[in-house]
Amino acid sequence: MTTTSTRQWSIFFSYTAYSVVVVLVLMPLGVLLVLSARLPDALAAHPFATVLLLVQLAVGGWAAWRTMHHWSRSETSAGHGRWDLPRLGWLRPDRSMLVVLGLSAAMTVVTPMTGADPRLLIASLTLLLALLGMCWHWWISSLAAVVLGAGALALGAAAPPLAVGVLFVIAAVTSVRATLWLAAVVRELEDARHALAQLAVAEERLRFARDLHDVTGRDLSVIAVKSELVAQLAERGDPRAVEHGREVAQIARTSLAEIRALVRGYREADLASELRGTASLLRSAQASVRIEGDADLVPADHAATAAWVLREGGTNILRHADPSAVTLALGPDGITLTNDGAPDSGEVHEGSGLTGLRERLDPGSRLTVTREGGTFTLDVRFETTGEPR
């Protein structure tokens, strides 16, 4: 994952982590009920073993949360499994799992010494096996659950409820693994979405670099050649050096004017083409784009400004937000870009992008930005002196 997790992944991870913790903590208590143990009576009859079990449940839940937290911040495991689906990878157990192991060992010693109900020990070992199943292969915990059930049967547990308990443990471990696998799939999708957004921004930068190269490459080559010619003619005292020197200066002025025009509007880019390009750019980042109005509604004398607003605004949306829905509204009075996925807190600080937009606005036009509830709005109002095209 990236250093700054997306909002969708944070929400999904919290839901997944809490679900896993709840399943792991409640599973030992469910096993006690399945083994025909009256839960209040079994816990109250053996206070020391009960305290050990409850402490183990609390530490086990914390260990599961910490393990999930470390996993969410680590790099995605390489490779795919069967059917070309992402593997869950290795979850490094948190150190608190050693405490869970120690408490299970203590329960193994305390239960026969105090005459506690053996079903409390089974519940303790169930939690340990479930945690192991989360971090290692699921079949190890399932096999251990079968072995544990055989041991419980040897201790006098009834076979029907015991079989149900073993199946319950296997189902719980499998569901936890499936939940973690689903989290791995969502995480890989979020990584891919972030990569698409970065590629879209990089594509826009490459487009500008390509246009800049087309504008300046030929002129700079001509300037270099003519400058060498001027130097050679000047060394020989040839009067043609003056004429070629003036040509170099004229080419340089023309190239400078073209660069300024490029920065100002990519050589007067067509608004309709820019509208299609911005919508395609945002859709490539998996955002839903809705277009209200049409490029023909924008007055001709404001078309260049509108094209620049679309280009700069679309790029800024991908750089500073995590959009899922974007609205592009064009009309004779102005242009508005609205997107969700913006940071909820903090004031709107205008960087070089918004400052550059303000500098390129026509006299009488105005730009306003608002952010509320995760929605960012960039609105440009024109001075309505022109006619629609």
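Structure above, values below:
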quantity: Fewest-first ranking of Met68, Met113, using other Cβ atoms within 10 Å as the exposure measure; calculated: Met113, Met68
quantity: Sparse-neighbour loop sites [GluC sites (Glu not before Pro); segment 228-310; at most 13 other C-beta within 10 Å; DSSP]; calculated: Glu268
quantity: Projected-area mean, segment 272-314, by convex hull of Cα positions, square nanometres; calculated: 2.8
quantity: Length released on extending from Arg283 to Val186, taking residue separation times 0.36 nm less the Cα-Cα span; calculated: 33.0 nm
quantity: Computed FRET value (nearest 0.05) for Val99 with Thr368, which takes r as the C-beta separation and R₀ as 41 Å; calculated: 0.15
quantity: Derived scalar couplings ³J(HN,Hα) [segment 301-311; Karplus, 6.51 cos²θ - 1.76 cosθ + 1.60; whole Hz; x for Gly, Pro]; calculated: 6, 10, 5, 5, 5, 5, 5, 5, 4, 4, 5
quantity: Dimensions in Å of segment 271-381 - Rg and Dmax from alpha carbons; calculated: 13.0, 38
quantity: Coarse-grained scattering of segment 200-265 at q = 0.21 Å⁻¹, given as base-10 log I(q)/I(0) from a Debye sum over alpha-carbon atoms; calculated: -0.82
quantity: Two-site FRET efficiency, Leu297 against Tyr15, from Cβ-Cβ distance with R₀ of 51 Å, rounded to 0.05; calculated: 0.70
quantity: Calculated from backbone phi, Karplus (6.51, -1.76, 1.60) coupling profile of segment 242-259 in Hz, x at Gly/Pro; calculated: 5, 5, 5, x, 5, 5, 4, 4, 5, 4, 5, 5, 5, 5, 5, 5, 5, 5
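Computed from the coordinates by the stated procedures, all read-outs in this text should not be read as laboratory data. Note that the coordinates shown come from a computational prediction; the quantities given were computed from them, not determined experimentally. FYI the Cβ positions are ideal-geometry reconstructions off the backbone, even for glycines, and counts take in every protein chain you see.
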